[in-house]
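Notes follow the structure.
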Amino acid sequence: MMLDLAAKCPSLEYLGFKVGADQWTNSLDPVLEHFKHDHEGPLRDTRDHFAEAVREIELPVSLQRVKLDFISNIDDAISEQRKPQPNLVYPRKYDPFSSSLHLLSLHLRKMEIRVMADETSFWPYDSSTTPSWPNLETPKVMFHIGTPSGSWYIQGPSGEGRYDKGERIQEDIAYPPFEDSASDEEWHYSSLENSCRDLPAFRVMPVDETITPFLDSFARAAASMPKLKEALLWASLEFHQGDAEEEESENEQEGVDEEEKTDAEEIEAEDQGETEESSEDFNRTAIALYPDDGLAWGIAYVAPGGLAFDMGENNPSSRQLWWRVGQWRPSKNFSSYFRVLAKCKATVS
């Protein structure tokens with residue numbers, strides 16, 4: 001609907017909206033969660049319909065700036081970190097919704113989005129030509145810690161939740177019924193008071209297998225933005241020590257620590273020097289310099305003469321690449337793309 005309206009405004013320069021309030025439910029009570037949430041079928045269909053609209057609707061050539069919020073309340077969005085997430089991509093190889101954001105960005109000057117997306121939001125899955133963003137100056141992306149396929153970009157400090165995968169959507173129960181069901185009646189009479197539980201918050205460390213392609217695509221796209229002034233890619237995090245320890249304990253009880261790992265995963269873990277460090281011994285400075293403050297994980301770029309992310313560094317004489325990723329570091333590919341960008345002639349207004 002938003003894109004349909006935008007297409008009717010031939011002189012439109014800015015498009016902004018906020019949706020997705022019910023995709024995640026930050027509720028301490030499972031009764032409320034049962035009645036107030038987006039069902040998997042309509043959620044997937046809505047994303048697919050948006051992707052179709054981007055491909056089919058001709059937006060005004062005057063459109064230069066967008067601010068699109070597909071998450072709405074970030075506290076709700078990162079509140080349930082243990083519950084399996086639906087696979088909104090299967091049986092496709094990539095997320096059409098994310099790919100449509102890439103198409104939308106090609107002719108913009110400024111783009112700010114909050115979204116659950118995969119790497120095709122920056123670089124096409126299969127492209128015979130190299131895309132370019134001739135006018136894009138400021139791409140800012142806040143991404144959800146989960147992926148559209150149901151896996152995660154972020155894990156616990158000792159690998160908790162690293163191998164969690166998305167659940168395929170069961171079509172027979174993917175859509176809400178048009179009448180009361182037996183489960184509705186059962187939940188209706190459940191006690192709100194006796195069913196409260198805490199929401200786990202333990203995902204604070206990146207999963208290389210998912211985060212690296214995402215970051216590399218972002219950097220690769222940035223290298224094709226000749227007018228780039230600043231770029232930001234980040235995620236909001238929340239961490240409670242006890243939740244990580246509880247998740248680790250549950251994994252051990254269920255026997256998923258080593259038994260569910262494939263031989264390839266075990267070899268990869270050995271190659272990367274993974275340790276069996278207990279969450280109790282986890283050094284919180286591995287997350288951030290000041291881990292007791294609000295947590296954010298991300299990478300930023302500032303062109304010469306721009307506004308830096310530390311007040312004392314404003315108007316830098318050279319390009320700056322910032323990362324707030326604790327002890328983790330980007331891949332060599334990521335750095336190489338920004339070195340390509342550094343060789344380009346600066347464009348500062």
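Quick notes on this one:
- The condition (being crowded, with 16+ Cβ neighbours inside 10 Å, basic (Lys, Arg) and not in a loop (DSSP other than H, G, I, E, B)) is satisfied by just one residue among 114, 82: 114.
- Criterion: polar (S, T, N, Q), in a loop (DSSP other than H, G, I, E, B) and out of contact with any Gly (no Cβ under 8 Å at 6 or more places or on another chain) - qualifying residue of 98, 11: 11
- In the stretch 290-325, residue modelled with the lowest pLDDT [restricted to those that are part of a loop (DSSP other than H, G, I, E, B) and under 18 Å from the mean Cα position of the chain (by Cα)]: 294
- First in the stretch 12-28 and modelled with pLDDT of 95 or more and surrounded by 14 or more Cβ atoms within 10 Å (Cβ to Cβ), second anywhere and assigned to a strand (DSSP E or B) and among the basic types (Lys, Arg), Cβ under 9 Å, 6 or more apart: 15/65; 15/67; 17/67
- All positions within the stretch 48-71 that are in a loop (DSSP other than H, G, I, E, B) and under 18 Å from the mean Cα position of the chain (by Cα): 70, 71
- Selection status of residue 136, aliphatic (A, V, I, L, M), at pLDDT 95 or above and over 19 Å from residue 74 (Cβ atoms): yes
- Among (1) surrounded by 18 or more Cβ atoms within 10 Å (Cβ to Cβ); (2) modelled with pLDDT of 95 or more - the single one residue 67 does not satisfy: (1)
The values are calculated or read from the model by the stated rules, or taken from the named source; none is laboratory data. Keep in mind that what you see is a predicted model, and the values were worked out from it rather than measured. Cβ coordinates were reconstructed from backbone atoms using ideal geometry, including for glycine residues, and neighbour counts include every protein chain displayed.
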